[in-house]
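First comes the structure, then the notes that go with it.
The values are calculated or read from the model by the stated rules, or taken from the named source; none is laboratory data. Being a predicted model, the structure only gives us computed values, none of them experimental. Using ideal geometry, Cβ is built from the backbone for each residue, glycine included, and neighbour counts are taken over all protein chains shown.
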Amino acid sequence: MRKKMRIFHSVCLQKYVPPVWSRWNLLCTAFLCLGLTIVRAEDDCPVSCMCARESGTVTCRDGEDFGELPVNLPEWTSNLIVQGKNLSILQRGAFIDNTTEMEITTVCLSYNGIQVIEPYAFLGLSRLHLLDLSHNRLESISTRAFFGLPQLRSLYLNYSVLPAAVTQLSSALSSQTLANLHRLDLAGNRLKAIPLARFDSFNLHILVLVNNSLETLAKENVSDLYQLRHLRLYLALNPFHCNCDLEEFYYWLKNSSQCPDAGRLMCSEPENKRGALLERLRAEDVDCNLENLEAVSYVFLGLVLALIGVVFLMVLYLNRGGIKRWLNNIREACRDQMEIYHYRYEQDSDPRLANVAV
């Protein structure tokens, strides 16, 4: 090989004009060298990354370019994995330079400490099918954070959304560009409500809400679930309050097979039902009508007792004269009786009467 390269260099350095056939050989050799250079440029792997052309995967973990996305990705890249980079902020158009004439379908950005997603951050990833943003610390999510992802089918945001970003997430997920979203993973985000205004805005088949802070499901959400029979909802490890507010969700759970982990749903409140499985609750435990009927019965009992009290007072008022005479008679009788007892006591205590008796 070295001998051939020396011959090639000697040909390139010749000062005389070679014959016609030599010119053609030189031209072909030059094109061959140029092609090899282009192929090598296309195959160059970014610093601190590992590239696997067979699978189209570029994996970047830690490394010297700490805090930055890799640049100059090979054109054959279809899967990009970036972890441990401490990115903090996904800036506007962060992938535009990397995706020129490329067809990236999978981007994994988990464990990067991402706190802010600016608008149009994923612009240029029009063929993206899967986006993994799990295990980050999102504090701010732009309304147009996911703009430009018309083919996105799977979005992983598990253990990433902080309470300050929950409202913003709801707005970001309402984007019309996510109409083809098939799977949404929101596990472990301490959500108290589902951050989706409507389920039918997407093509959702899988919604993961495991290990959040859901106490019940809103009636609007339950109504949407009845209409979307293809949707599978995962809800284990949520602190459900098994009271009247759970009624709509309870009946949906009993009559539907859309919750694969229904056997793991437990009550956290009230205390007497803590740890009880939702599937084993009785209808009376969550029946709003029964609770309302019980409340009405107590109110009715109170009204009846109040009416009896009023009637009793009226009777007393109307018979106040007779009651007064009756009380006076009782008082006089008691006084006469007391005087008799007092007289007898004085007689019994007189010593003279005692001697006479002897």
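The table for this structure:
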item	result
Residue check for ARG198: more than 20 Å from LEU277 (Cα to Cα) and in the same structural domain as THR143 (by TED's automatic domain parsing)	yes
Residue list for the range 138-148, filter: assigned to a loop (DSSP other than H, G, I, E, B), touching a strand residue (DSSP E or B) at 6+ places or on another chain (Cβ under 9 Å) and surrounded by fewer than 23 Cβ atoms within 10 Å (Cβ to Cβ)	GLU139, SER142
Search result, residues across the range 78-95 that are among the charged types (D, E, K, R) and farther than 12 Å from ILE114 by Cβ	ARG92
Residue among LEU231, LEU207 that is buried (at least 16 other Cβ atoms within 10 Å of the Cβ) and within 12 Å of the chain's Cα centre (by Cα)	LEU207
Some residue of the range 286-304 being closer than 30 Å to PHE202 by Cβ and either of a type outside the set (S, T, N, Q) or buried (at least 17 other Cβ atoms within 10 Å of the Cβ) (or both)	yes
Residues being crowded, with 18+ Cβ neighbours inside 10 Å and not β-branched (Val, Ile, Thr) - total across the range 184-204	12
Boolean, LEU80 is assigned to a loop (DSSP other than H, G, I, E, B), surrounded by 13 or more Cβ atoms within 10 Å (Cβ to Cβ) and either at pLDDT 85 or above or out of contact with any Ser or Thr (no Cβ under 9 Å at 6 or more places or on another chain) (or both)	no
Odd one out for ILE38, checked against (1) at pLDDT below 90; (2) assigned to a loop (DSSP other than H, G, I, E, B)	(2)
The range 201-224, residues that are within 22 Å of ASN255 (Cβ to Cβ) and touching a Pro at 6+ places or on another chain (Cβ under 8 Å)	LEU214, GLU215
Condition broken by ASN289, with the remaining ones in (1) at pLDDT 80 or above; (2) under 30 Å from ALA236 (Cβ atoms) satisfied	(1)
Tally of residues being surrounded by 16 or more Cβ atoms within 10 Å (Cβ to Cβ) and more than 8 Å from the chain's Cα centre (by Cα) across the range 212-228	8
The range 149-170 - residue that is under 18 Å from HIS182 (Cβ atoms) and not hydrophobic (A, V, I, L, M, F, W, C) and, of those, modelled with the lowest pLDDT	PRO150
Residue in the range 222-234 that is under 17 Å from LYS273 (Cβ atoms) and not in a loop (DSSP other than H, G, I, E, B) present	no
Test result for LEU157, closer than 18 Å to SER174 by Cα, out of contact with any helix residue (DSSP H, G or I) (no Cβ under 6 Å at 6 or more places or on another chain), buried (at least 24 other Cβ atoms within 10 Å of the Cβ) and free of Cβ contacts under 8 Å to residues at least 40 places away in the same chain	yes
Filtered residue count, the range 265-291, keeping only those that are assigned to a helix (DSSP H, G or I) and small (Gly, Ala, Ser)	1
